[in-house]
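What follows is calculated from the coordinates using simple rules that are stated; it is not laboratory data. Quantities reported herein were computed from a predicted structural model and do not represent experimental measurements. Here the Cβ is made from the backbone with ideal geometry for all residues, glycine too, and neighbour counts use every protein chain on show.
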C-alpha cells in the first residue's frame, strides 16, 4: 500500500512547513507545532541510508557546519507530493581539506548524531576544497515521501 498524492502533500506540508493537515482523525486534524523550529541541512560524501543519522557519511571539511532552515511555507515549497527548498541554502566556505559531496540530509540537530528525517542524492556531485562555498539554489534540493 502506498500513500495517495494528497496524503504525501499533507505530510510534507505538516513536516516542512508546520502547516495543519485538516480532517485527519477528527475535525482538528494533525496540528503543526506551536513553535515551528528549524531543520538542519547536512552534507554527505555518500548515502547516509535509511538507517543512518545526521553524522553518517557527513562531510568534515574545514569550517563546515550544518545550515538551519525554518519549518515554514517561506522556506519550503510543497506541491503534488514533493517538496524543495524555496530559497538558496548556503554553507560555510571550505577553509581546509576537501570532499566530494554526493548527498544532503535534513535532520533535527545542529551538530552530532541527530535524527535524519530525509536524505537524497544531489543531481551532480560537488567537489569542495579550500575557497569553495557549497550552495544550493532555490528548488535544488528535492524531497519526496515514498
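Tabulated data for the structure shown
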quantity	calculated
Relative contact order computed over the chain (Cα-Cα under 8 Å; 6+ residues apart), in percent	27
Expected 222 nm ellipticity per residue - DSSP helices of 4 or more, -39500 (n - 2.57), all of the chain, to 500	-3000 deg cm²/dmol
Ascending count of other beta-carbon atoms within 10 Å, so fewest first, for 1, 7	1, 7
Residue order, fewest to most beta carbons within 10 Å, for 146, 47	146, 47
Ranked 66, 31, criterion: other C-beta atoms within 10 Å, fewest first	31, 66
Segment 1-134: equivalent-ellipsoid semi-axes (sqrt of 5 x gyration tensor eigenvalues, Cα, Å)	30, 15, 13
Gaussian network model of the chain, Cα within-10 Å springs - most flexible of 96, 34, 108	34
